[in-house]
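The values are calculated or read from the model by the stated rules, or taken from the named source; none is laboratory data. Given the structure is predicted, the values throughout are model-derived calculations rather than measurements. Here the Cβ positions follow ideal geometry from the backbone for every residue, glycine too, while neighbour counts run over all protein chains shown. Heavy atoms of the whole protein, side chains included, go into the accessibility calculation; ligands, DNA and RNA do not. Shrake-Rupley method; radii C 1.70, N 1.55, O 1.52, S 1.80 Å.
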Amino acid sequence: MTNPLDGGPAPAAAAVVFSDALEQAEQYASILASRGIEWGLIGPREGDKLWERHLLNSVAVSPSIHDDALVVDVGSGAGLPGIPLALMRPDLRVTLLEPLERRAHFLTLAVDELGIGDRVRVVRERAEEHRQLYDVATCRAVAPVTKLLAWTTHLFSPGGRLVALKGESVDGELIKAANELKKRRLSARVHLARVHPDVEATRVLVVEGPRG
Ligand SMILES: C[S@@+](CC[C@H](N)C(=O)[O-])C[C@H]1O[C@@H](n2cnc3c(N)ncnc32)[C@H](O)[C@@H]1O
C-alpha cells in the first residue's frame, strides 16, 4: 500500500496499465514524491498529481514502440517517460540519457532501488554527443521539434523512430520543422493517445526515418 503522502494512492487506471509492475510503479511514485521533490526534479506542488501527470502520461508512448525494442529516453530528467515505460514493458531495453550530473545520479539510484538494472541503464551525456543507434528514441519536454531533430536523428535513423510526448504547440513546431524534416527525409505524424478511459488523452509525435 502506498502512503498518501508518499506519491498518493495509485488510481484504478494504474492497476490496469501497470498490471504486474504496479508495486514498482508505486515505489517509483514514492521516489518522485520524496527525493524527486527534495532534489528539485519535480515541482513542490506536483506531489498529488504524480500519477496522472507523470506516470500514466509517460506510458502513452508505449503503443508506438514495437516488442523487444532498444529504446533511448532523451533528456530523461527524473526518468520520464523512460522509467514508467520500462516498468510497464519489461520486453524493452531502455537507456536513460541525461547530461546533468545530479539528475543522472537520481536516475542511477532509482534504477537500482527499483531493481531494473538488468534492462535499464543510465548514460550521462548530451544527445548530440551520444553515439549509438536505437530502434526508438523517446522524449518529453526536452526541446521544440526542430532542435529535437538536430539532437536525436542520428540516434534513431535510418530504420527507427522518434516517439515524443508533446503539448498543443506541436502543430506550430512541425510547421517550423518542415524544411528540416524534408532535408533529413523524415516523415512526422501526431496522434492522440489515451492509455485508459479515466486518463486524459495526450499528443504523441512519431517521426520516422527512411527505410531500407
Ligand atoms: C524539462 S526537463 C524534462 C525531463 C523529463 N523528460 C520530463 O518529462 O520530466 C528537460 C531535460 O532535458 C535534458 N537535456 C537538456 N539538453 C539536453 C541534451 N542536449 N541532450 C539530452 N538531454 C538534454 C535536461 O538536463 C533535462 O533533464
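Odds and ends about this structure:
- Radius, Kirkwood style, for segment 60-208 when every pair of distinct Cα atoms is counted (Å): 15.4 Å
- Solvent-accessible heavy-atom area per residue, rounded to whole Å², over the chain at 1.4 Å: 48 Å²
- Ligands, DNA and RNA excluded, the heavy atoms of Asp198 present near 110 Å² of accessible surface to a 1.4 Å solvent probe.
- Share of carbon and sulfur in the accessible heavy-atom surface of segment 60-208 [1.4 Å probe, %]: 49 percent
- Computed over the chain: relative contact order in percent, which uses C-alpha pairs under 8 Å that are six or more apart: 18 percent
- Span per principal axis, largest first, for the Cα atoms of segment 107-190 (Å): 42, 27, 19
- With the biggest extent put first, the Cα atoms of segment 4-135 measure 41, 31, 22 Å across the principal axes.
- Residue among Gly82, Gly47, Gly167 with the largest mean-square fluctuation in a Gaussian network model of the chain, springs linking Cα atoms under 10 Å: Gly167
- Sites matching chymotrypsin sites (Phe, Trp or Tyr not before Pro) across segment 28-62 that sit in DSSP coil, with at most 15 neighbouring C-beta atoms within 10 Å: Trp39
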